[in-house]
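**Q** My structure is below; once you've seen it, I'll send some questions.
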Amino acid sequence: MPVNGRQVEQSPATIAATYLGRLVGGRGLRLGSRTSPMAIAQAHQVAGLLGSLVPGLAVSVSGIQTDADQWAGDLAALGGKGAFVKTIDRALLLGEIDAAVHCMKDVPGDVPLPAGLVFAAYLPREDIRDCLVFPLSSTMTTLADLPAGARIGTSSVRRKAQLGRHRPDLAVHRIRGNVNSRLLRLDAGDFDALVLARAGLARIGYAQRAAETFDTDMMCPAVGAGVIGIQCRTDDKGLLELLRLIDDADTRRHVEAERVMLHGLQGHCNSPIAGHCATTPDGQLALRGMVFTRDGGEFVHAMEWGPAGKPAELGAYLAGVLLRKGARDLIMGIPH
């Protein structure tokens with residue numbers, strides 16, 4: 001805000017008060033998300049944050065059924081992970097909702113965001129690790145406990161490839177549906193174990209179901225793992241300003257580095273690609289990337305460091321390193 005020719009930074013309370021009227025237009029703030037219990041829980045988490053920032057703000061949550069949620073087949077037939085967000089993007093662009101809440105690992109990185117939309121905020125990153133979950137009746141607790149031929153359920157080609165590196169004797173099967181429905185199938189005996197995200201289990205109140213938790217050397221995370229992003233229209237200036245108050249700067253840098261790397265690799269929905277960025281004790285960014293064959297038998301790996309102020313440059317550089325090591329051949333060797 002200019003005062004006597006100088007730009008003065010406004011306090012959160014001032015921003016909230018200044019933009020509240022034009023933000024909600026007297027009808028409250030409308031958040032949209034997928035309809036799964038996890039997605040709804042994430043949206044209510046965002047609603048709670050905004051409600052505490054602006055006391056009295058009415059925030060509603062709308063569940064939106066996406067094409068991918070209604071499809072039981074291979075996501076590639078719907079165009080990949082983008083099927084999880086296209087319907088929500090449309091609702092946002094049409095003004096049916098004011099902001100969308102997404103798991104960043106479900107937002108495709110190989111295509112640009114739709115024109116007119118922007119991620120205005122990322123919440124602080126949660127647990128990035130994957131874990132094994134066993135049936136309630138099982139006495140097993142680790143990957144090593146599983147016998148050869150055991151049935152493992154996962155929807156992720158990244159997880160399947162990395163399981164193949166360590167336990168090629170296991171039978172890994174695709175499982176679709178939200179986490180709650182997957183747990184029901186597990187407990188009904190359809191699988192001997194599932195691989196799920198620890199953060200996701202915690203969001204729906206099932207953290208206690210996590211058995212063995214894999215470190216990131218064993219199971220490199222998905223790009224955007226553990227991050228909730230809030231998207232809005234670029235022309236909604238009031239909402240942009242308000243959402244920036246809950247934006248975590250470190251998470252934004254990490255997600256930018258990872259997603260620029262992913263974009264540079266130009267994989268597709270069947271490409272097992274993993275990546276993770278973190279800040280080192282001395283303040284640098286450390287970015288790791290991995291690309292696998294479908295069974296994990298071959299992979300390329302790289303890790304690079306860069307200044308905190310240049311996450312995009314680091315992501316682009318690491319993508320180039322991985323491509324020079326043969327990532328393109330691995331990606332092209334897997335059918336779309």
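Laboratory data are not the source of any read-out in this text; all were calculated from the coordinates shown. Note that the coordinates shown come from a computational prediction; the quantities given were computed from them, not determined experimentally. Glycine gets a Cβ as well: all are built from the backbone with ideal geometry, and neighbour counts include every protein chain shown.
**Q** So what's the net charge close to residue 140: Lys and Arg +1, Asp and Glu -1, counting the other residues with Cβ under 11 Å from its Cβ?
**A** -3
**Q** If you don't mind, there's one more thing I want to ask. Rounded to the nearest 500, what is the 222 nm mean residue ellipticity of the chain from helices alone, with -39500 (n - 2.57) per DSSP H run of 4+ residues and division by all residues?
**A** -9500 deg cm²/dmol
**Q** Shifting gears a bit: Determine, for the chain, the count of lysine pairs separated by eight or more sequence positions (or lying on different chains) whose alpha-carbon distance falls under 28 Å.
**A** Step by step, the pairs that qualify in the chain add up to 14.
**Q** Now for a separate question. Give, rounded to the nearest 20 debye, the magnitude of the charge dipole that the range 174-322 has about its Cα centre when Lys and Arg contribute +1 at Cβ and Asp and Glu contribute -1 at Cβ.
**A** 440
**Q** Within a 10 angstrom radius of the beta carbon, how do 234, 66, 154 rank from fewest other beta carbons to most?
**A** 234, 154, 66
**Q** What would the Debye equation give as log₁₀ I(q)/I(0) for the chain at q = 0.09 Å⁻¹, counting only Cα atoms as equal point scatterers?
**A** -0.50
**Q** Okay, next question. With springs connecting C-alpha atoms under 10 Å apart, model the chain as a Gaussian network and identify which of 56, 267, 289 has the largest mean-square fluctuation.
**A** Of the options given, 56 has the highest mean-square fluctuation.
**Q** Checking the a/c ratio against 1.5 first, then a/b against b/c, what shape does the Cα gyration tensor give for the range 204-264?
**A** Taking the square roots of the gyration eigenvalues as a ≥ b ≥ c, the range 204-264 is oblate.
**Q** For the chain, return all DSSP H helices satisfying: extent of Cα atoms along own axis at least 15 Å; mean Kyte-Doolittle hydropathy at least -0.5.
**A** 12-24, 37-53, 311-324
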